[in-house]
Every structure is written in structure tokens, then in C-alpha cells.
Amino acid sequence: MFENLNEKLERSFKLLKGQGKITEINVAETLKEVRRALLDADVNFKIAKSFTENVRKKALGMDVLNAVKPSQLMVKIVHDELAELMGGKFIDINLKGNPSVILIAGLQGSGKTTFSGKLAKMLKSKKGRHPLLVACDVYRPAAIEQLKVLGEQIGVPVFTEDGSKNPVKIALEAIRQAKLQGNDVVIIDTAGRLAIDQEMMNEISAVKDAVKPHEILFVVDSMTGQDAVNTAKEFNDRLDFDGVVLTKLDGDTRGGAALSIRSVVDKPIKFVGTGEKLDALDNFHPERMADRILG
Ligand code: GDP
């Protein structure tokens, strides 16, 4: 991931390298290249524009024209601005409540069920929690089966109600069971659709209203670029979620979603999925991601 962006940004900084004294024109050319690199990474036009404008202002403020090593200073400014664009600080999920109730939302195929399994595994092995996974996709028996298989692989119980068509009832019953069995985290995997659909939104909203989750995570496939950002906006308008999970960052994603989501929905990315295996999950650290982008 980000290979292209990394390469293009490096090329743009080359314009400044080795020049003892640089001019405003050099800086403007570099910024043009940076903007082009962001657009090629599928970053929204307005975001790319305001990004380079912010970098330009900072560069002027830090007197980059008279810096000893102007290219290094520019790299630092771009690095800090990239980290800022992605949210600045790492923000963890809210695990208050006993049980902590986590609602997982997103389109079908985004990686919701896989993420639910990964999160359960992470909370169990790294935080000593006792999660309960809940299969609330009442339309696709295959999805319920998939969660059961995942649960078995990681040794986490899975709550299902065979034949039930009522996700609110399933979720409430699961929480009741969790209290009885001593599960301190309940992860509710909801039904997705291939595209935004009001029925799906109504259903997830109803589950949200009934269970009052401590955390709502929106899962989205990073390979879908600006579509990912648009979907995030629609889900957020409806659900007011707490954080984003970007999946498939191991694929040849151009990175646009990672760079744009924060400024469009103003919600932090909290996790990234980096593979199909159940331990391919990382917390999202904007600073580290900026390091990676700049190589
Ligand atoms: P759901 O319909 O939203 O529940 O999506 P699934 O969890 O079934 O995932 C859809 C497909 O994406 C499956 O083939 C997963 O193995 C795959 N997948 C999920 N997360 C990742 C990831 O981070 N990286 C890769 N490469 N594949 C993933």
C-alpha cells in the first residue's frame, strides 16, 4: 500500500534536494507535485487542495526559503500535515461498560465479519477480555456460519438464533446471555448490503437504539477509494459512529480512503485490516502511517 504515493512524494521532494537556496517557484512546483500525488492516490480534490495550501502556509511560516536543508524541512512539514489529515493522535475504542457493547456496521463484503473475529481475538489475547460474538445478519445464513467458524478458530463463543428474523431481539438476548455467562465484551456483527439501502439503515439504527452500544465501528474496504469516503459519510449521517475500520490495506489500495475519511466525517480511524488472517489487525496510528507514506 501507498507505494505509488510514496514514490511520487519522493519525486516531488527531489525538486528541492541539493539546492542550497530555493525560491518560491521551487516550493510552488513541489507543492503542485504533492497535490498531484494526492490526487493520484484518490484523495478528494478539495482535500488535496487545502492540504497543499496548509503546507504552503507552514512552509512560509517556517521560512523554508532560508532553511539550511529546505527539502528536509518540507518533508517534515508534509509529514506532520499528513499525520494531522489522518487525525493526529491514535484514539482507542471505548471499552467502558460491563459488558462493553460494540456494534459493527458496513456494507456487505467490506470485511465486517472478519473484523469482528479479529477484534474478538485481539481483545481476548491482548486485553484478557472474554468476548461474545453475535451474529445479527438474519438474511445470510452463510454469514452466521462464517462467524461460527471464526469463533471456533479463536475459542470465542458465538451467539446465534437460528431462524430468527429480528436483529434487535437477537442483540438484546445476546447481551442478556453475556451477563449470565460473564462475557465482558459483546461484539455485534450486523447485516450489510451491497449498496446503501434504507431498510438496512433502519435495521442498524433500531439495533443501535435498543442496545445503546458503547462503541459503533464502521467497517470499510480501503480499496474502494472515494466510494469508501462517501459510504462513510452516509453511515455517519445516520448512525453517528465512533470510529472507522479500514480493511484490505494489504491490497494495492492507493490510500485515498485512509487520507480522506477523517476530514470528511471527522471520526477517527481506529483499526486497519492488513490481511485475511485473524491476527492481521492493527491499531491506526496517524503518525506511524505518515512515516510509512513518506518511506
Ligand atoms: P462482510 O460481508 O462485511 O462480513 O465481509 P467479510 O468479513 O466476509 O469479508 C469479505 C472478504 O474480504 C473475505 O474474503 C475476507 O477474507 C476479505 N477480507 C476481510 N478483511 C480483509 C483484509 O484486511 N485484507 C484482505 N486481503 N482481505 C480481507
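The values are calculated or read from the model by the stated rules, or taken from the named source; none is laboratory data. All values derive from a computational prediction rather than experimental measurement. All Cβ positions, even for glycine, are placed from backbone atoms using ideal geometry, and neighbour counts span all protein chains on display. Please note that ligands, DNA and RNA were not included when accessible areas were found on the heavy atoms of the full protein model with its side chains. Shrake-Rupley method; radii C 1.70, N 1.55, O 1.52, S 1.80 Å.
Structure data summary
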quantity: Rounded to 5, the percent of DSSP beta bridges in the stretch 148-295 classed as antiparallel; calculated: 25
quantity: Listed residues 279, 42 arranged by accessible area, highest first, probe 1.4 Å; calculated: 279, 42
quantity: Accessible area of residue 23 in the full protein assembly, 1.4 Å probe (Å², nearest 10); calculated: 70
quantity: Cα-based shape type of the stretch 21-73, given that a ≥ b ≥ c are square roots of the gyration tensor eigenvalues and the cut on a/c is 1.5; calculated: prolate
quantity: Under 17 Å from the Cα of residue 127 - aspartates and glutamates, other chains or at least 8 residues apart; calculated: 92, 184, 215, 279, 282
quantity: Cα gyration tensor category, rounded, prolate or oblate, for the stretch 45-97 with a/c compared to 1.5; calculated: prolate
quantity: Cα pair distances in the chain, grouped into 10 Å bins until the bin that holds the longest one, percent each; calculated: 6, 28, 29, 18, 11, 6, 1, 0
quantity: Shape call, the stretch 1-47: gyration tensor on alpha carbons, a/c limit 1.5; calculated: oblate
quantity: Gained length - residue 152 relative to residue 276, 0.36 nm times residue gap less alpha-carbon distance; calculated: 43.0 nm
quantity: Peptides ranked, highest mean first, by Cβ atoms within 10 Å: ranges 111-124, 184-197; calculated: 111-124, 184-197
quantity: Sulfur and carbon atoms: percent of accessible area, the stretch 1-136 [1.4 Å]; calculated: 53
quantity: Size-normalised alpha-carbon gyration radius of the stretch 107-217, reference 2.2 N^0.38 Å; calculated: 0.99
quantity: Cα-projected label distance for residue 193 with residue 79, points at 7 Å along beta-carbon direction, nm; calculated: 4.5
quantity: Flagged links, alpha-carbon separation over 26 Å, of 76/248; 112/208; 179/208; 14/89; 32/58; 208/233; calculated: 76/248; 14/89
quantity: Per-pair calculated FRET efficiency, R0 = 41 Å: residue 60 and residue 92 via Cβ, rounded to 0.05; calculated: 0.70
quantity: Under-5 Å amide H pairs with residue 69, H placed in peptide plane, nonlocal only; calculated: none
quantity: When the stretch 155-295 is reduced to its Cα atoms, the Kirkwood hydrodynamic radius in Å; calculated: 16.6
quantity: Separation in nanometres of the label points that stand 7 Å from Cα toward Cβ, at residue 126 and residue 50; calculated: 3.0
quantity: Computed log₁₀ I(q)/I(0) - Debye formula, equal Cα scatterers, no solvent, the stretch 1-124, q 0.09, 0.12, 0.13 Å⁻¹; calculated: -0.40, -0.60, -0.66
quantity: Accessible area (Å², per residue) of the chain, counting only protein heavy atoms and a probe of 1.4 Å; calculated: 46
quantity: Rounded to the nearest 10 Å², the accessible area of residue 291 at probe 1.4 Å; calculated: 80
